[in-house]
Amino acid sequence: MVTQRVDSNPLTQLLVTDLGGMVLPRTGLELYERGPDMGRETFIREITGTLSNVFLAGWVGLLALLTWNGKLLNNRFFRTNKLGINTGAWINARSMDTYGRLFADSLNNPALQTPAAVRRHFVETLLTNMRATDGYQADKAFSGGIEALKDKHPEIAGRMEKLALGSLREGRLSPEVVSQLADMLSPSDDVHRGVYNIEKQIAQFRKLNGRYGPILKQAEALRLSDDLLKTLPETHGRRLALLQVLDPLVKSERIALSRQAMKSMKPFLNELTETAVRHGLSGEIHVLDEAGNAALKNRSLSTTLQEVKFFLEQYADRVLVDPKTGELGNTPMTEAFRRDVMNKLYGRGGNGLLAKFLPTAKDGLITFTRKSKTWLTMIPYALAIVFSISVAFLNNWLTERKHGGKVFFPGDGVVPDDGKTYRKITGGEVPLHTRPGGPFALFEQQRRMTAAGGGR
Amino acid sequence: MIGSIQTPAAHPVRFGGAGAAVVPQANAFLRNFDFEQVGKSTVRQNMLMYSLVIASRLMAAAKRGHEAGSYNEVREHALRDILGWTFWFFAAGQVQRLFLRFFPAKYRDVVVQTPYQMDKTAQGFWPRLRERLRWETNFLVRGKIPSAEQLEQRMGQFRKELRASAGDLGKEAVEAAERDAAKYFKRLSKLRNLASFTGISMAIALLGIGIPWINILVTRKNVAERQKQNGAADQSPAIPPQSAGFPSGAFHQPYYPSYL
């Protein structure tokens, strides 16, 4: 149904209300009542309003994002993406705050000994803390449904009443479903299912390329023979040369892997969402923090699950795994390890003014992403604002130019009204409210009667 | 060794609190105006953007009005855009709740969730009235309406539970029960759609017809008055006084600027 479609997406609702309530009727009314100048002005004003209010920020944001990860800003001379994070796997800032906090909580929980346990606990806490926004209504709807069955199907209604529908009625997931979903979200080597284990691929990539590929290229460049190279000691200089070649490669590889995982994630995410919906959640959810307050409000379930996948793929797994193997370790974590993980996520590359605003290679992953995202959000926004602010002035300029720089707001013109151009504005010959059958006809009739009676 | 190079150990993070990790939050700009999905602006962004657009329109209108010596345009923008902002973002939901308020509680309370739970043990006229008023205000201002998708999902869950619990009673019995339950859920979703249609069409009517009409009429009155004043000064009225707008032609007033 049309209403359903319009209502399900706030952006569509705004668009429909804008086109139907602002652009079309206002243009028509102004054109009919106050002439072509006002009609044109209104149309330009409202249609650019639609564009800038509803869409523009999003579109320019998309463009900025493509540029950010693309070759234009991210090449060997000018590198915006210094840590190899796929910013296209977008995580909203508030979501990132919440996930980061829950993750830090799990990490610093002394009861959790291994990285694998930390990851599991994080995912399970997050899923347990999800609440459908319509929990209360679900309860009422279920009672209503049972009530509707009572007359004709008393036995079924009785059975339904006895069922423990706890999690369904409260709009949350039961512990069994939580662990089922957490299993689905475990690291996987398959691009199509689970959370793609990028780290494992990277470890293999390093093994393949680090030992032979770039080093051989360098050897070629330096005209060193392979045998000679192997006899060289592991000097600091050699290690540095290796890293200089390998590092950008690894970063591009990370982004490429993440993009590959994004391309094929749809069926898996659908399955994840459907499982959650079958067992108590619904399309819109809140996420509670550790104190039980709503940290995230009115989020789409599928987007949130997608964000969780991105967070695990690019942040949690990247800091938790052993970089040599790319697997989650099963040995107990030391205090130093926990501190290191926190640094890798939240560390700050410096305290200078520039380092505060510009992402640097020394930043922690989340800090880096935040800085990048501030630019990625601010720049499109500023552009959209400049565009929309200039429209009002442009509009006036157009009218002014048409009338040789003299006429201003029709009716307030420097050029006196000749009684024809703007006659409707001043209520000239046939003002609208005196039209027979018009909305103000009765009012006008009364006025005339008062005037005819000698009145004032 | 190599792994540690990609994220070199930075300055230690300073965590406050004893034991529990207090992690830094994103800046206020990001927390409020970040995208939720790539390429789609959020409602918060739209709100800020529209208010900036309104500010720019007011500025442009004030500039033009200053040159023309009239503030009709500023007044028009102020009324149209500020009411427009409010109605665009809030009218549909508000009208929906108002509309649903008049339906029986059996359906209404499933479709609108009121955050305030009425204290039914209150005794006496005034306490009961107070509770009632609180509930009504909450219903109208903060009532939460689930999306059509959510209602459908709840129906799916109910059907699943019904099949699971009554599977042994035979296919026909289950199907008959399902049909009866579906009737109830369909009624809910119809009511919701009707409310949403009413809300959106009312918002459109207010935005598209109500506000511009007020503007046109008020400006017409102001301009006519002003021309009458000018005409009296020049002894050459642009328009005969009896054809002017709202105020009667015989009604004389001292001159005052139209924006007062």
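The values are calculated or read from the model by the stated rules, or taken from the named source; none is laboratory data. Computed from a prediction, not measured in an experiment: that's the story for all the values here. Here the Cβ is made from the backbone with ideal geometry for all residues, glycine too, and neighbour counts use every protein chain on show.
The table that follows gives values for the structure above.
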| item | result |
| --- | --- |
| For A:Leu15: the one exception among (1) touching a residue at least 12 places away in the same chain (Cβ under 8 Å); (2) closer than 17 Å to A:Tyr381 by Cβ; (3) surrounded by fewer than 17 Cβ atoms within 10 Å (Cβ to Cβ) | (2) |
| Hits in segment A:92-131 (condition: part of a loop (DSSP other than H, G, I, E, B), at the interface with chain B (Cβ under 9 Å from one of its Cβ atoms) and either at pLDDT 90 or above or touching a Ser or Thr at 6+ places or on another chain (Cβ under 8 Å) (or both)) | A:Asn92 |
| Meets criteria (modelled with pLDDT of 90 or more, assigned to a helix (DSSP H, G or I) and over 28 Å from A:Ala295 (Cβ atoms)) for B:Val74 | no |
| Residue list for segment A:319-341, restricted to those being more than 32 Å from the chain's Cα centre (by Cα) and basic (Lys, Arg) | A:Lys324 |
| Failed criterion for A:Thr87 (all others in (1) at pLDDT 90 or above; (2) buried (at least 19 other Cβ atoms within 10 Å of the Cβ) hold) | (1) |
| Considering residues of segment A:355-377 that are without any contact (Cβ under 8 Å) to a residue 40 or more places away in the chain and within 7 Å of chain B (Cβ to nearest Cβ) only, the residue surrounded by the most Cβ atoms within 10 Å (Cβ to Cβ) | A:Gly364 |
| Looking only at segment A:342-364, and only at residues there that are assigned to a helix (DSSP H, G or I) and over 26 Å from the mean Cα position of the chain (by Cα), the one that is farthest from A:Tyr315 (Cα to Cα) | A:Leu353 |
| Scan of segment A:319-354 for residues that are more than 8 Å from chain B (Cβ to nearest Cβ) and under 17 Å from A:Tyr196 (Cβ atoms), ordered by number | A:Leu320, A:Val321, A:Thr325, A:Gly326, A:Glu327, A:Leu328 |
| Leading residue by the ranking (surrounded by the most Cβ atoms within 10 Å (Cβ to Cβ)) among those in segment B:108-145 that are touching a residue at least 40 places away in the same chain (Cβ under 8 Å) and at the interface with chain A (Cβ under 8 Å from one of its Cβ atoms) | B:Val110 |
| Condition check for B:Leu207: at negative phi, part of a helix (DSSP H, G or I), in contact (Cβ under 8 Å) with a residue 40 or more places away in the chain and not β-branched (Val, Ile, Thr) | yes |
| Residue match in segment B:88-109 (condition: part of a helix (DSSP H, G or I) and farther than 18 Å from B:Ile145 by Cα) | no |
| Some residue of segment A:313-325 being among the polar types (S, T, N, Q) and farther than 20 Å from A:Ala132 by Cβ | yes |
| Out of A:Arg45, A:Arg79, sole residue that is facing chain B (nearest Cβ under 9 Å) and over 20 Å from the mean Cα position of the chain (by Cα) | A:Arg45 |
| Conditions (1) more than 29 Å from B:Met59 (Cβ to Cβ); (2) within 11 Å of chain B (Cβ to nearest Cβ); (3) among the hydrophobic types (A, V, I, L, M, F, W, C); (4) surrounded by fewer than 16 Cβ atoms within 10 Å (Cβ to Cβ); number of the one not met by A:Leu72 | (2) |
| Single unsatisfied condition, A:Ala138 versus (1) in a helix (DSSP H, G or I); (2) more than 7 Å from every other protein chain (Cβ to nearest Cβ); (3) not β-branched (Val, Ile, Thr) | (2) |
| Residue in segment A:356-375 that is out of contact with any helix residue (DSSP H, G or I) (no Cβ under 9 Å at 6 or more places or on another chain) and either on the phi < 0 side of the Ramachandran plot or of a type in the set (Ser, Thr, Tyr) (or both) present | yes |
| Close pairs from segment B:51-76: first at the interface with chain A (Cβ under 7 Å from one of its Cβ atoms), partner of a type in the set (Val, Ile, Thr) and not in a helix (DSSP H, G or I), Cβ under 8 Å, at least 6 apart | B:Glu67/A:Val414; B:Ala68/A:Val414 |
| Selection from segment B:182-204 of residues that are more than 7 Å from every other protein chain (Cβ to nearest Cβ), under 14 Å from B:Val95 (Cβ atoms) and either surrounded by fewer than 17 Cβ atoms within 10 Å (Cβ to Cβ) or among the polar types (S, T, N, Q) (or both) | B:Leu194, B:Thr198, B:Ser201 |
| Which numbered condition A:Gly88 fails, given (1) facing another protein chain (nearest Cβ under 7 Å); (2) within 18 Å of A:Ser388 (Cβ to Cβ) | (2) |
| Any chance A:Leu163 is within 12 Å of another protein chain (Cβ to nearest Cβ), surrounded by fewer than 18 Cβ atoms within 10 Å (Cβ to Cβ) and in contact with a Ser or Thr (Cβ under 8 Å, 6 or more places away or on another chain) | yes |
| Unmet requirement for A:Arg318, which otherwise passes all of (1) part of a helix (DSSP H, G or I); (2) out of contact with any Lys or Arg (no Cβ under 9 Å at 6 or more places or on another chain) | (2) |
| Odd one out for A:Thr3 among (1) of a type in the set (Ser, Thr, Tyr); (2) part of a helix (DSSP H, G or I); (3) more than 7 Å from chain B (Cβ to nearest Cβ) | (3) |
| Residue in segment B:91-102 that is among the polar types (S, T, N, Q), in contact with a strand residue (DSSP E or B) (Cβ under 7 Å, 6 or more places away or on another chain) and in contact (Cβ under 8 Å) with a residue 24 or more places away in the chain present | no |
| Scan of segment B:1-51 for residues that are outside any strand (DSSP E or B), at pLDDT below 50 and not aliphatic (A, V, I, L, M), ordered by number | B:Gly3, B:Ser4, B:Gln6, B:Thr7, B:Pro8, B:Pro12, B:Arg14, B:Phe15, B:Gly16, B:Gly17, B:Gly19 |
